[in-house]
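Peer 1: One structure, pasted below without further comment.
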Amino acid sequence: MHLFQLLAQDKKPPAISPVVFCAIGNYTLRDENSIIPESDLSFGLTVAQKKQLRSLLCACVFNTPVKPKSCVILSGIIKSSSLKLINYFLTLMSSYSIILNSPVLFSLLAGIVGLMIGSFLNVVIYRLPVMMKRDWKKECQEFLELPITDQPAETFNLAFPDSRCPSCNTEIKVYQNIPVLSYLFLRGKCANCQTSISPRYPLIEALTGILSVVVAYQLGGNIAALFALFLTWVLVALSWIDIDHQLLPDNITLPMIWLGLFLSLFNVFTDPVSSIIGAMAGYLILWSIYWLFKLLTGKEGMGYGDFKLLALFGAWLGWQYLLLIILLSSLVGAIIGTSMIIFVQRDKNIPIPFGPYLAVAGWIALLWGDKINSLYLSSVGLQ
């Protein structure tokens, strides 16, 4: 039980502010006077009540879990706006704490946010490659001193212009852009021209929402879960871009490598040494396989983006997970690739992007890597 609980607020006439009831208990806390200055507590309470409330606020800020031994009710009419702000802040912190400490509520919130992020990822997946190709073409034309062509008449980036129907160019209204629900409500067609909308859009939204729920429920309400959610969303975008264009943009992979290295300074997922070695080893392992395969067959087995993606996982999770990720990605790739050749009659000479398989394997290692490694070590008698 936490030291602070906001029990109730009495409704008073507008001329009189609410009365706040607070439950507090015996505890010890360092430097409590540095949190709430005396000037912010001048609202008509006694000196003893002010001291108790100051301690109470400190306990709430630090979220100190203790077992109350006594309960004292502090009541007073709020005469200053500062206490209203404190009261609102404490209520907000209490709600935030309830969500983080409840796996169901935190997972539900993550799923809702994931659906909205999935809608944005649809924009990233479509627009980012277009933006990159236009930049590459412009740079080539400038280098060759050729006229600049194929430049958009309006601003074109991840924020502008607003989403539009690709068939009739009608701007999609806000209520027509609700993740998954709008697609179902419109029956998969444009509200203006009735052209069919690809089911891929709600699929990505639903997939992002489901993966977000799994991450939140598996890791719980902590800082690691928040960054794991962010990594999950990035992997969804990278996978679909690689499927469409066989491209893993440096604009995404390189910043994520640096973010993984930065997080290791705080031991969020791994320690700095494991992170640095993981980033280096992740890149060099696939780079070596690439050149060995090219020397033996004369063909390119994978792209440089794959090297950077494995380096990303090495930076985030540490070198200890690289072998697991490589084995899992190879297994998933072999199963899906063989199935596509047998059942879909896909030409075996057409390259299949390796990035999505790496992303799936890395995501599995992120959530269950410890259990899989422990299970393997136990099965071979090393643990």
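The values are calculated or read from the model by the stated rules, or taken from the named source; none is laboratory data. Remember, it's a predicted structure, so these values are computed and weren't measured experimentally. Positions of Cβ are generated from backbone atoms using ideal geometry, with glycine treated the same way; all protein chains shown enter the neighbour counts. Keep in mind that these areas ignore ligands, DNA and RNA; they rest on the heavy atoms of the full protein, side chains included. Shrake-Rupley method; radii C 1.70, N 1.55, O 1.52, S 1.80 Å.
Peer 1: Based on this model, can you work out whether TYR126 counts as open to solvent by 40 Å² or more (accessible area, probe 1.4 Å) and closer than 18 Å to ASP242 by Cα?
Peer 2: In short, yes.
Peer 1: A further question follows. Which residue pairs have Cβ atoms closer than 8 Å, lie 6 or more positions apart in sequence or on different chains, and pair a first residue in the stretch 279-307 that is under 18 Å from LEU327 (Cβ atoms) with a second residue that is open to solvent by 90 Å² or more (accessible area, probe 1.4 Å) and among the charged types (D, E, K, R)?
Peer 2: Final answer for the pair search is TYR290/GLU300; PHE293/LYS299; PHE293/GLU300.
Peer 1: Next up: Would you tally the residues in the stretch 85-108 being modelled with pLDDT of 90 or more and open to solvent by 80 Å² or more (accessible area, probe 1.4 Å)?
Peer 2: 1
Peer 1: Assuming THR195 fulfils every condition listed in (1) under 30 Å from GLY369 (Cβ atoms); (2) touching a strand residue (DSSP E or B) at 6+ places or on another chain (Cβ under 8 Å) apart from one, which condition is it?
Peer 2: That leaves (1) as the condition not met.
Peer 1: For the stretch 261-294, which positions are closer than 14 Å to LEU309 by Cβ, surrounded by 15 or more Cβ atoms within 10 Å (Cβ to Cβ) and of a type in the set (A, V, I, L, M)?
Peer 2: Step one: of the stretch 261-294, the residues closer than 14 Å to LEU309 by Cβ are 278-279, 281-287, 289-290.
Among the residues that remain, those that are also surrounded by 15 or more Cβ atoms within 10 Å (Cβ to Cβ) are: 278-279, 281-283, 285-287, 289-290.
Residues satisfying the conditions are ALA279, ALA281, ILE285, LEU286, ILE289.
Peer 1: Then there's this: How many residues does the stretch 269-303 contain that are out of contact with any Ser or Thr (no Cβ under 9 Å at 6 or more places or on another chain) and part of a loop (DSSP other than H, G, I, E, B)?
Peer 2: Looking only at that region, the number is 6.
Peer 1: Quick one: which residue in PRO147, PRO166 is part of a loop (DSSP other than H, G, I, E, B) and within 22 Å of THR208 (Cβ to Cβ)?
Peer 2: PRO166 is the lone residue from the list that is part of a loop (DSSP other than H, G, I, E, B) and within 22 Å of THR208 (Cβ to Cβ).
Peer 1: Could you say whether any residue in the stretch 230-250 is out of contact with any Leu (no Cβ under 7 Å at 6 or more places or on another chain) and over 16 Å from GLY355 (Cα atoms)?
Peer 2: Taking every residue of the stretch 230-250 in turn, at least one turns out to be out of contact with any Leu (no Cβ under 7 Å at 6 or more places or on another chain) and over 16 Å from GLY355 (Cα atoms).
Peer 1: Shifting gears a bit: Scan the stretch 354-377 and give yes if some residue there is outside any helix (DSSP H, G or I) and surrounded by 13 or more Cβ atoms within 10 Å (Cβ to Cβ), otherwise no.
Peer 2: At the first step, the residues of the stretch 354-377 found to be outside any helix (DSSP H, G or I) are 354.
So of that shortlist, the ones also surrounded by 13 or more Cβ atoms within 10 Å (Cβ to Cβ) come out as 354.
Looking for residues that are outside any helix (DSSP H, G or I) and surrounded by 13 or more Cβ atoms within 10 Å (Cβ to Cβ), one finds at least one in the stretch 354-377, hence yes.
Peer 1: With respect to ILE341, is the statement that it is open to solvent by 50 Å² or more (accessible area, probe 1.4 Å), outside any loop (DSSP other than H, G, I, E, B), at pLDDT below 80 and β-branched (Val, Ile, Thr) true?
Peer 2: In short, yes.
Peer 1: Evaluate the stretch 250-260: report whether one residue or more is open to solvent by 60 Å² or more (accessible area, probe 1.4 Å), assigned to a helix (DSSP H, G or I), under 25 Å from ASN122 (Cα atoms) and hydrophobic (A, V, I, L, M, F, W, C).
Peer 2: First pass over the stretch 250-260, keeping only residues open to solvent by 60 Å² or more (accessible area, probe 1.4 Å): 250-251, 254-255, 258.
When the remaining residues are screened for being assigned to a helix (DSSP H, G or I), the result is 250-251, 254-255, 258.
Keeping just the survivors that are under 25 Å from ASN122 (Cα atoms) gives 250-251, 254-255, 258.
Imposing the further condition that a residue be hydrophobic (A, V, I, L, M, F, W, C) reduces the set to 254, 258.
Yes: one or more hits.
Peer 1: Next up: Evaluate the stretch 181-192: report whether one residue or more is at positive phi, assigned to a loop (DSSP other than H, G, I, E, B) and open to solvent by less than 60 Å² (accessible area, probe 1.4 Å).
Peer 2: Yes, that holds for at least one residue.
Peer 1: Mind listing just one residue for me: the one in the stretch 128-169 that is hydroxyl-bearing (Ser, Thr, Tyr) and modelled with pLDDT under 85 and, of those, nearest to the chain's Cα centre (by Cα)? Working first, answer last.
Peer 2: Restricting attention to the stretch 128-169, the residues satisfying the condition of being hydroxyl-bearing (Ser, Thr, Tyr) are 149, 155, 163, 167.
If we keep only those that are modelled with pLDDT under 85 as well, we get 149, 155, 167.
Values: THR149: 37, THR155: 27, SER167: 32 Å.
Selected residue: THR155.
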